[in-house]
Amino acid sequence: MTTSTTFAGRPPAIRLSGVGKRFGGTGRSDGVLAVHGLDLVVEPGEMVAFLGPNGAGKTTTIDMVLGLSQPTSGDVSVFGMAPRDAVSRGLVAAVMQSGGLLKDLTVRETLRYTASLFAASRPVDEALAAAGIGDLSGRKVGACSGGEQQRVRFAMALLSDPQLLLLDEPTTGMDVEGRRAFWATIRDDAARGRAVVFATHYLEEADRYADRIVLIAHGEVVADGTGAEIKALASGRTVRAVLPGADLAALHRLPGVERATTQGDMIVVRTCDSDAVARYLLTETGARDLEIETHGLEEAFVTLTSDTRPQATSTEGALA
Amino acid sequence: MSTLETDPATRRVPPLGGFNRTLLGIELMRVLRNRRTVIFALAFPVAMFFVFGSGDQGEQKVGVGNVAAYIMVSMALYGGALIAAATGAGVATERAQGWSRQLRTTPLHPVAYVLVKALVALSAGVVAIVAVNVVGAAKGTVDLPLGAWIACGLTTLVCILSFAALGVFVGYLVPGENAMQILGPGLALLSFLGGLFIPLDQYSAVIRDIAYWTPMYGVAEVARAPLTHELPWFAIVNALAWLGLFVAGAAWRMSADTARV
C-alpha cells in the first residue's frame, strides 16, 4: 500500500506504537481517554489524511507527534527519534488551523523570525514564493485575510524544508483557487519524499489528495486505507423496499447483512451483498418498490465513525 | 527550488537553543514600534523631566549631584519600568494568540525564549533610560559626576526587571491586550506614591507611611543611591520583597497556563 521500498533502511516518518493519552486523570477519577492503543506508521513520501469527527483524537495525535504533549502510554517516534529532537532539527513542521501568528509583524518579518530559529533554513523569499504570497511580504500579518494568514503559516512551515509536514485543517479560509494551488504545492513536495499528514473535515479533500486515509474515531484508528478501500469498506449498499410486517430476523440471517430496520412499512437493509437481499425480497416475500443505493466516502465516514460502529472491529482487522 | 539536507540523520540542532541576534532584533523592534509604548515610556518621562527638572530648585544640591539629576534618574526609572512591564505583558498576549505554541514547533528552547524576553525588556529599558539621560545631559542643568551617572543608569536597569515580572503577572491576570491599560495608569499611580514624580517629604506623614510599602518606593531609593548616597534598609527590603512577589506571581500564572501550551 505504501512506498516504503523507496526509502528502505530509513526509519519511518512517524511510528506510533500502542499510544494512549489520558487528560486530567487524578487519584479519584480516570480523566478523559483521548486516544488509546493507537498504532500507526507513516513512511517518507506518503500523503496521509487524518479523518474523523471533532473530539476523535486527531489534534491530540498531532500534538504528540510534534512533542507538544506526551503520551500517557505507548511510544511516539519521528524519524526514529523523540519528537522534540526531530523538531529541533527542523525535520517536522506544522500548519495550525488558527492562531500562531503575531499581528504586529509584517509577513517578511514573521518569516525572518521563524527562519532564524533553525540551524539551516531556506531563503525567506523562496518560502514566500512557494506559498504564493511573494507579493504580501511587506503587509502586516494582522491586515491579511484568513486565507492569506493560512499561507503565511504554510510559508513558515516550509522554511526548514521539513521531511514531515503536519497540517491541521490546512485550507480553512482559502478560496477555491487558493485551495487548488495549495494542494498542488503540497503534492509536489510529497513527490520529492516529504511525508505529509493532514487532518481535514473535507472528505472530498481527503479522497482527492491523500494516498491513504486514516479514519480516527473515539481515539482509535477505525479504518486505514486508500480512498477506494475506505469506500469499499462501507460499501455496503442500502436496500429499501416496501414490505409490511417484514421478518427482520430472517433478513439478518442473510449473508452480508449488517443491519435491517423498519421505517413504517419500509424496510431498510444495510448489506455488502445487495444481490442476496434483493433476490430474497423479490422471490420469497411480497416486497415491492425495491431500491438499491451505493455509498460515497461521506457515508463511509459516518458509518465508520458513528457511535454504534457495528463493524468497526472487523473493519480494523480487514485492513490492518 | 533549493532543498536542505534531506537525510534526517545529518540534520543539525541550532546552537544556544535557537537564541540568535535576528530574533532579539525583531523582538526589540516590536516593543519600540508600539506607538503607545513609545509615547508613555519615552516621550512622557522626557516631558516630565522638562516640567519638574526646570526652575531654580533644579540647582539645589542632592548627595553628589543636584535636584535635576535626582529627577532625571527618577524619570528614567519610570520610563524603564513602563517599557519593561509592556514587554512582560507581551508574553501573555503571545500565549493567548497561540504564538508560544507555534514557537514550540520550532527548535527554540523555552529557556531561550524567556532569555530573549528578559534581554528585550532590559534593552528596551536601556533605550528608555538613555532617552531621559541624553535629554538631561543636553539640557545642561544636570550636575552628576560621570561615575555616579553610570552607576545610577545601572541600578535603574536592574530595578526595572521587577516590573518586567509584574508585566508578565498582570498580562496573565488580564485577558487580551488590555494589560497595558491597567499597567499604564497603575505604574503612574505607584510612581506618585513611590516618590518618583514628587519627593516623599512633600507628602503628609500618613501618605508617606503608606508610600514606604509600595513597589516603586524601594526601587526608586535603590536606583538613586549612587546619587544620594542614602539607602534606608527598608527600601532594600521593599525592593527585594516586591521583586520576589512579582516573580512568584508571574511564575504561578505561567505554570498554571503551561498545561494548555
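Shown for the protein assembly as shown is the translational diffusion coefficient from the Stokes-Einstein equation, using the Kirkwood radius over Cα pairs, a temperature of 20 °C and a viscosity of 1.002 mPa s: 77 µm²/s.
Taking other C-beta atoms within 10 Å as the exposure proxy, B:Leu146, A:Leu215 rank B:Leu146, A:Leu215 from fewest upward. For region B:16-256, the convex hull spanned by the alpha carbon atoms encloses 124 Å³ per residue.
Based on alpha carbons, the Rg and Dmax found for region B:35-74 are 11.7, 37 Å. The distance separating the Cα centre of region A:100-136 from that of region B:177-210 comes to 43 Å.
Of B:Pro215, B:Pro199, B:Pro107, the residue with the greatest mean-square motion in the GNM of chain B, using alpha carbon springs below 10 Å, is B:Pro107.
At q = 0.23, 0.30 Å⁻¹ the log10 of I(q)/I(0) for region B:203-260 amounts to -0.88, -1.12, computed by Debye summation with a single uniform scatterer per C-alpha, solvent ignored.
Using every pair of distinct Cα positions in region A:236-294, the Kirkwood expression returns a hydrodynamic radius of 10.8 angstrom.
Coupling constants for region B:116-122 follow from the phi torsions by the Karplus curve (6.51 cos²θ - 1.76 cosθ + 1.60, θ = phi - 60°), and in residue order they are 4, 5, 5, 5, 5, 4, 5 Hz; glycine and proline get x.
Close amide H partners of A:Ala199, meaning residues 5 or more places away or on another chain with modelled amide H under 5 Å apart, are A:Phe50, A:Leu167, A:Asp168, A:Glu169. Exposure proxy for B:Trp252, B:Trp99, A:Trp183: other Cβ atoms within 10 Å of each Cβ, ordered fewest to most, give B:Trp252, A:Trp183, B:Trp99.
A simple rule links phi to the HN-Hα coupling: the Karplus curve 6.51 cos²θ - 1.76 cosθ + 1.60 with θ = phi - 60°, which for region A:163-169 gives 8, 9, 10, 10, 10, 9, 6 Hz, with x for Gly and Pro.
The reciprocal of the average 1/r between distinct C-alpha atoms defines the Kirkwood hydrodynamic radius, which for chain A equals 21.7 Å. The amide H of A:Thr106, built 1.01 Å from its N in the peptide plane, has A:Val141 as neighbours under 5 Å, considering only residues 5 or more places off or on other chains. Pairs of Cα atoms nearer than 8 Å and 6+ residues apart set the relative contact order; for chain A it is 18 percent.
For the residues of A:96-107, the average number of beta carbons from a partner chain within 10 Å of their own beta carbon is 4. Counting neighbouring Cβ atoms within 10 Å and putting the fewest first, the residues B:Val247, A:Val95 line up as B:Val247, A:Val95. Near the amide H of A:Ala94, within less than 5 Å, lie the amide hydrogens of A:Leu166, all on another chain or at least 5 residues away, with H placed in the peptide plane.
Remark on region A:134-188: ratio of C-alpha radius of gyration to 2.2 N^0.38 Å is 1.12.
Sequence-ordered 3J(HN,Hα) estimates for region A:184-196 from the Karplus curve with 6.51, -1.76 and 1.60 and θ = phi - 60° stand at 4, 5, 4, 5, 4, 5, 4, 5, 9, x, 7, 7, 10 Hz, glycine and proline given as x.
Any chance you could tell me what percent of the C-alpha pair distances in region B:80-217 go past 21 Å? Beyond 21 Å sits 52 percent of the P(r) for region B:80-217. Give A:Lys140/B:Lys117; B:Lys61/B:Lys139; A:Lys140/B:Lys139; A:Lys58/A:Lys103 a once-over and call out the pairs whose C-alpha atoms are over 29 Å from each other. In this structure, A:Lys140/B:Lys139 lie more than 29 Å apart at Cα. Separation of region A:50-73 and region A:191-228 by C-alpha centroid, Å? Each part's Cα centre sits 14 Å from the other's. Calculate the length of the line joining the C-alpha centroid of region B:89-133 to that of region B:10-55, in whole Å. So the two Cα centres are separated by 10 Å. Per Stokes-Einstein, at 10 °C and 1.306 mPa s, what whole-number D in µm² s⁻¹ belongs to region B:47-97, with the Kirkwood radius over Cα pairs as the hydrodynamic radius? The diffusion coefficient I find is 125 µm²/s.
Taken together, the values in this text are just the output of simple stated rules run on the coordinates, not laboratory data. Since the structure is predicted, the reported quantities are computational estimates derived from the model, not experimental observations. Please note: Cβ atoms are built from the backbone with ideal geometry, for glycine as well, and neighbour counts cover all protein chains shown.
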